[in-house]
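*Asks:* Just passing along the structure, written as structure tokens.
We did not get these values from a lab; they are worked out from the coordinates using the rules stated. Source: prediction; values computed, not measured. Cβ placement follows ideal geometry from the backbone for every residue including glycine, while neighbour counts extend to all protein chains displayed.
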Amino acid sequence: MTAQARGLSRRLLLSRSAAVVGASSAGLLLPEIVRAQSNKVRVGFMLPFTGTYAQLGVAIENGVRMAIAEKGGKLAGREIEWFKVDDESEPSKGVENAQKLVQRDKVDVLIGTVHSGVQMGIQRVARDSGVLSIIPNAGVHAATRALCAPNVFRTSFTNAQPTQALGKPMVERGLKKAVWITWKYAAGDDALEGFKNSYTKAGGTIIKELGLPFPNVEFQALLTEIANLKPDAVACFFAGAGAAKFMRDYAAAGLKDKIPLWGSGFLTEGVLEAAGPAAEGVMTTLHYADSLDTPRNQQFRTAYAGQFKLQPDVYAVQGYDAGQLLLRGADAVKGDLSNKAALYKAMETAVIDSPRGRWTMSKAHNPVQDMYLRVVEKGDNKVLGVAEKAVADSGAGCRMG
Ligand code: PHB
């Protein structure tokens, strides 16, 4: 047991014995489970609320709150106390910020985050403390591969999942030589894994890999290099405010009508207004599309837009599903989140009825889900079809327990 875990279990012991003394002196020795259920569930958000991913954090929080509000605003009858930390998408503060929620606020559940580098800090704290952790975005592979854990569940994707579906439709359209461009950090590197696999398997060649540090948006020199390389297409991973700037700069450099732009679908999520006409025609693959024509998606979109005066995007959906997954687990253990075996079992076997379509959890706790091929049309991510069904991450190296 680590020193940290010893500290935690000692604190738990002290607070439990204090409760028992209090109860017995009042003449009623309540079983611990009743005490636990009468307490509020402490739910912590660790998300970016500033910086290039700020909007993503807001959409995730909205989605979680909406799912829980739809079921009466409680978890299996227990009220919720919410906590929030702005992680600023700053990896160097990842551990410290996660500890604020786990040690200072003593949350029962930590929901976070967006940025893969920051997620590695959360993963460390989650593995050390055993606190239930739900990842509503960050796609860093390690979290559900070599560093997977029984108490960590992801409701989003691994970064290789969307790009795993990207290569084939590009080659089918005769785009056989591509330049890859991304922010150089875990998310971009992991996204390249999926693109490389799918594109080369379909017969494509990546002629150059370009990168710049996150969250740098000085794209000019790289766009000039792309113009000189004259590939058939460009494929990329960018997201948030930086993605909108990339599409605007790509168009302004005169590349939009010459070299088709493709990407992991985050490129066009939540930024279509900011990108304006520069986004029209951009092709992407992702596990969601605004125009998915299902009653479930339409009901979700209408409710979200009504409640938040914003159009939902994939981040809102992933947050919504984090809320749904938590509700499912809490219901299965009647609100007793300390019943970990039953809680995790329920979460592992849940079938989530998502606006993106139904999905299940892989053994490593990552969604198995369909990937859609989309095109931006009149400011909307229009679905062209399913690019690949039931895409699962490899989960390589994951050993639970
Ligand atoms: C990530 O860092 O894993 C990440 C960030 C933003 C996205 C997708 C993935 O839209």
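*Asks:* Find how much the distance from residue 399 to residue 273 grows on full extension, using 0.36 nm per residue of separation minus their present alpha carbon separation; answer in nm with one decimal.
*Replies:* Going from the current span to full extension adds 41.1 nm.
*Asks:* What does the charge dipole of segment 77-140 about its Cα centre add up to, to the nearest 20 debye, if the Cβ of each Lys and Arg holds +1 and the Cβ of each Asp and Glu holds -1?
*Replies:* On the way: 8 positive and 10 negative charges, 37 e Å.
The dipole of segment 77-140 has a size of about 180 debye.
*Asks:* May I pose another question? Indicate, rounded to the nearest 5 percent, the antiparallel portion of the DSSP beta bridges found entirely in the chain. Let's see the in-between values first.
*Replies:* Working: 19 of 53 bridges.
Antiparallel bridges: around 35 percent, rounded to the nearest 5.
*Asks:* Continuing with this model, one more query. Amide H of residue 208 versus every other amide H placed in the peptide plane: which residues, excluding those fewer than 5 positions away on the same chain, fall under 5 Å?
*Replies:* 180
*Asks:* Measure off 7 Å from each Cα along the Cα-to-Cβ vector at residue 351 and residue 40, then give the distance between these two points in nanometres to one decimal.
*Replies:* Using points 7 Å along Cα→Cβ, the separation is 3.6 nm.
*Asks:* Full-extension gain between residue 299 and residue 172, please, as 0.36 nm times their residue separation minus the C-alpha to C-alpha distance. Can you show the working numbers first?
*Replies:* On the way: separation 127, 0.36 × 127 = 45.72 nm, distance 3.42 nm.
Going from the current span to full extension adds 42.3 nm.
*Asks:* Determine the sum of side-chain charges near residue 375: Lys and Arg each +1, Asp and Glu each -1, restricted to other residues whose C-beta is under 13 angstrom from that of residue 375.
*Replies:* Working: positive: 173, 374, 378, 382; negative: 280, 290, 377, 380.
Taking every other residue near residue 375 into account, the sum is 0.
*Asks:* Chymotrypsin sites (Phe, Trp or Tyr not before Pro), restricted to segment 235-315: which are DSSP loop and have at most 11 other Cβ atoms within 10 Å? Before the final figure, lay out each step's value.
*Replies:* On the way: sites: 237, 238, 246, 250, 262, 266, 288, 300, 304, 308, 315; in loops: 238, 288.
Answer by residue number: there is no such site.
*Asks:* What aspartates and glutamates does residue 382 reach when the alpha-carbon gap must be under 13 Å and sequence neighbours fewer than 8 apart in one chain are set aside?
*Replies:* Within the straight-line limit of under 13 Å, residue 382 reaches these aspartates and glutamates: 269, 280, 290, 293, 313.
*Asks:* Sticking with this one: On the first, second and third principal axes, largest extent first, how far apart are the outermost C-alpha atoms of segment 266-317 in Å?
*Replies:* Sorted from largest, the Cα extents of segment 266-317 read 29, 21, 16 Å.
*Asks:* Mind giving me the nanometre distance, one decimal, between the label points for residue 257 and residue 208, set 7 Å out from Cα along Cα→Cβ?
*Replies:* Roughly 2.3 nm, to one decimal.
*Asks:* Follow-up question, since we're still on this one. For the chain, which DSSP H helices look membrane-span-like by this rule: Cα extent along the axis of 20 Å or more and mean Kyte-Doolittle of at least -1.0?
*Replies:* Those that pass (Cα extent of 20 Å or more, hydropathy at least -1.0) are 3-25, 54-70, 186-201, 314-332.
*Asks:* Follow-up question, since we're still on this one. GluC sites (Glu not before Pro), restricted to segment 206-261: which are DSSP loop and have at most 15 other Cβ atoms within 10 Å?
*Replies:* Listed in order of number, the matching sites are 218.
*Asks:* Residue 184 to residue 377: FRET efficiency via 1/(1 + (r/R0)^6), r the Cβ-Cβ distance, R0 45 Å, to the nearest 0.05?
*Replies:* Working: r = 31 Å, r/R0 = 0.69.
Approximately 0.90, to the nearest 0.05.
*Asks:* Please go through segment 243-314 and write out the trypsin sites (Lys or Arg not before Pro) that DSSP classes as loop and that have at most 10 other C-beta atoms within 10 Å.
*Replies:* On the way: sites: 245, 248, 256, 258, 296, 301, 309; in loops: 256, 258, 309.
Passing both the DSSP loop test and the Cβ count: 258, 309.
*Asks:* Return the calculated 222 nm mean residue ellipticity for the chain, to the nearest 500 deg cm²/dmol, obtained by summing -39500 (n - 2.57) across DSSP H runs with n ≥ 4 and dividing by the residue count. Don't skip to the answer; put the middle values down first.
*Replies:* On the way: 14 runs with 163 residues, N = 401.
About -12500 deg cm²/dmol.
*Asks:* Could you tell me whether the chain comes out rounded, prolate or oblate from its Cα gyration tensor? Rule is a ≥ b ≥ c as square roots of the eigenvalues, rounded for a/c under 1.5, then prolate if a/b exceeds b/c, otherwise oblate.
*Replies:* Details: a/c = 2.20, a/b = 1.96, b/c = 1.12.
Verdict is prolate for the chain.
*Asks:* Quick one: putting +1 on the C-beta of Lys and Arg, -1 on the C-beta of Asp and Glu, what dipole do you get for segment 156-250 around its Cα centre, in Debye to the nearest 20?
*Replies:* On the way: 11 positive and 9 negative charges, 60 e Å.
Charge dipole of segment 156-250: 280 debye, to the nearest 20.
*Asks:* Measure up 176/258; 245/378; 208/256; 177/258 against 21 Å on the Cα-Cα distance and list the ones that go over.
*Replies:* Numbers: 176/258 15 Å; 245/378 18 Å; 208/256 19 Å; 177/258 14 Å.
From the list (176/258; 245/378; 208/256; 177/258), the Cα-Cα distance tops 21 Å for no pair.
*Asks:* Among all cysteines in the chain, which have no other cysteine Cβ under 4.7 Å from their own Cβ?
*Replies:* 236 - these cysteines have no disulfide-compatible partner (Cβ-Cβ under 4.7 Å) in the chain.
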